[in-house]
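The values are calculated or read from the model by the stated rules, or taken from the named source; none is laboratory data. This one's a predicted model, so the numbers in the text were calculated from it and none came from an experiment. Positions of Cβ are backbone-derived with ideal geometry, glycine not excepted, and every protein chain shown enters the neighbour counts. These accessible areas exclude ligands, DNA and RNA; they are computed on the full protein's heavy atoms, side chains included. Shrake-Rupley method; radii C 1.70, N 1.55, O 1.52, S 1.80 Å.
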Amino acid sequence: MKVEEKLYTLRWKHDKQSHIAITDQRICLNTCGAAWRRPCTTFCPAAVYTWDGEKIVASFENCVECTSCLLGCPYRNIDWKLPRGGFGIEWQSG
Amino acid sequence: MREEEFDAIVVGAGPGGVAAALTMARGGLNVVLFERGERPGVKNVMGGVMYGRMLAEVLPEFWKSAPMERVIVDERLWLTAPESVVTMGHKHVPHALEPPNAFTVLRVPFDAWFAAQAEAAGVLLIPGTTVEDVIRENGRVVGVRTGRQDGDLRANLVVIADGVNSFLVGRAGLSRSLQPNEVALVVKEIIALPAAAIEERFALDAGTGATIEVYGTVTQGMSGYGFIYTNRESLSVGIGALLSQFMTTRITPSDLLEGFKAHPMVAALLRGGEMREYLAHAIPEGGFRAMPRLFDDGVMVVGDAAMMVNNLHREGSNLAMAAGRMAGETAIQAKRAGDWSARALSRYQELLEASFVLQDMRKYERLPELVERRPDLLQLYPQLLSEAIEEMLTVDGASKREKQRRILRRLLDRRRWWLVLRDAYEGWRAIR
């Protein structure tokens, strides 16, 4: 089963505004691309981060708030904040 | 110092935060409990095993009302090679032990129930509210800032229980930021199966449960392990590894879990099950050496926020509940003395030092470093053990002495004898 299918099992209360921002896309393009091949595109368990050829696109609606990207970006270039109260993932089992 | 309307603010309605809030409320303190989820539990994930003793010390006779899934009677350890498994375990007949030693839970219903017990004891629960910062005056924590309008609230004490990768621990000046080798990333699925099928597959009496921790090749060379826990009508099936190794190997968490579920011995247990929920969370893995300072003027830290996880024994929520209770007892004394300074709150550290919480954290303080440096240990030796047992069980006309020679040769072909000795010494030193 692909991760996209797995995400269909989940429920969120989506905020209009994103709680995720990339601080400096140039780091993703150059530095990280060369040295790390953008690990956020592989370690994120909800496939939030994709590379569109020019920049990292962060699909914040998929975020399951595992907090890995806070530490997993080698350049601390992901500005991840806790979603506003009541928004974000709502686990059914936990 | 001015007296505040609230004695204590607790941030985070998980096992640690609720245990602290409940203890303080029963001790007569005015307590506010903030939770960022719309209700307690909806943001919380763990593998699924909880321990009774530490919960009973907060909530005597919890087993009469707690939403437990299955009481564990069978605990197994698997060492996997690609097409085989070496198994060990311990199983006992169901007994009427109260409190039950270990049981499985699903955190969404469990945490909701636990927080409701705190509310019944007088805790003011404020869900749907994210605490974004602590308020500090003259170096002392005096309250919290929430995401709501006019959302500042002051209290004599703030208990930080906001979980792994705590923002507040940093904001309160108690710790540096964590490193990617200090957390594991774990993914899990809830796989629905009828109770009768679970009881048949795991040879269980009704209501009793089994756990399996799975080491070896299933982690694809990374430091980590998989698990299968039985719930009433589902299995919790998950696997994790250090985040730093996910970054370098580029194995995706979802693929790692798919590989685990496809291992022939795992697949046999899951057959016909229906996937209900896919979950992911970080787990603190840094151990004792990565713990933050646990208290300061007007503040204490409990649970995952304080790195209180004993990985080797898959314990965490019990450390959090014990720490929460001790933080609560410390606060009750602080209130009595009218002194919320670091000096008064240092009693929290003393209680932790005198208990299994810090004693166990200290015992394994060398383990995280070894686990990270030598992921190969959990690949090579399970594989060799599996081959050795298979050799001894294969009746092919070779004498047993010849078989022993073959096994030794296999070992020494892959690793020189002095390195084997060093591995054994390092392993022993990390867990002694």
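Annotation note: of B:MET265, B:MET300, the sole residue that is part of a strand (DSSP E or B), in contact with a Ser or Thr (Cβ under 8 Å, 6 or more places away or on another chain) and more than 14 Å from chain A (Cβ to nearest Cβ) is B:MET300. For the stretch B:343-359, name all the residues that are surrounded by fewer than 17 Cβ atoms within 10 Å (Cβ to Cβ) and either touching a Phe, Trp or Tyr at 6+ places or on another chain (Cβ under 9 Å) or polar (S, T, N, Q) (or both). Within the stretch B:343-359, B:SER346, B:SER355, B:GLN359 meet the criteria.
Provide a single number: the residues in the stretch B:268-284 that are farther than 28 Å from B:MET307 by Cβ, within 11 Å of chain A (Cβ to nearest Cβ) and either in contact with a helix residue (DSSP H, G or I) (Cβ under 8 Å, 6 or more places away or on another chain) or modelled with pLDDT under 95 (or both).
1
If you filter the stretch B:300-329 down to residues that are in contact with a strand residue (DSSP E or B) (Cβ under 6 Å, 6 or more places away or on another chain) and among the β-branched types (Val, Ile, Thr), you find that the one that is most open to solvent (accessible area, probe 1.4 Å) is B:VAL309. Among the residues of the stretch B:120-141, are any at negative phi, touching a Phe, Trp or Tyr at 6+ places or on another chain (Cβ under 6 Å) and away from chain A (no Cβ under 12 Å)? The answer is no; no qualifying residue exists.
One residue stands out in the stretch B:178-200 among those that are in a helix (DSSP H, G or I) and within 18 Å of B:ARG373 (Cβ to Cβ): the one that is nearest to the other protein chains (Cβ to nearest Cβ), namely B:PRO180.
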